[in-house]
1. Along Cα→Cβ, 7 Å out, is where each label goes; now give me the distance between the ones at residue 37 and residue 16 in nm to one decimal.
2. Once you put a point 7 Å from the Cα of residue 30 and another 7 Å from the Cα of residue 4, both along the Cβ direction, what distance in nm separates them?
């Protein structure tokens with residue numbers, strides 16, 4: 001949420017939460033993956049068409 005809704009950089013989030021940058025990145029990745037899985041049933045496209053692009057847009061915040 002801090003990245004996607006508040007517009008903070010990963011570095012700023014790491015500093016605000018007192019965690020390492022790698023922790024922020026892994027939590028954001030994990031959160032986006034979880035959100036994608038939870039919302040997959042709303043996407044009428046076949047599973048192959050749903051695979052994320054290399055540069056995925058920001059869809060979920062820090063969990």
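Every number in this text was worked out from the coordinates using simple rules, so none of it is lab data. Quick caveat, the model's predicted, so the values are computed rather than measured. Neighbour counts are summed over all protein chains in view; Cβ atoms, including those assigned to glycine, are modelled from backbone coordinates with ideal geometry.
1. 2.6
2. Between residue 30 and residue 4, the simple spin-label model gives 1.6 nm.
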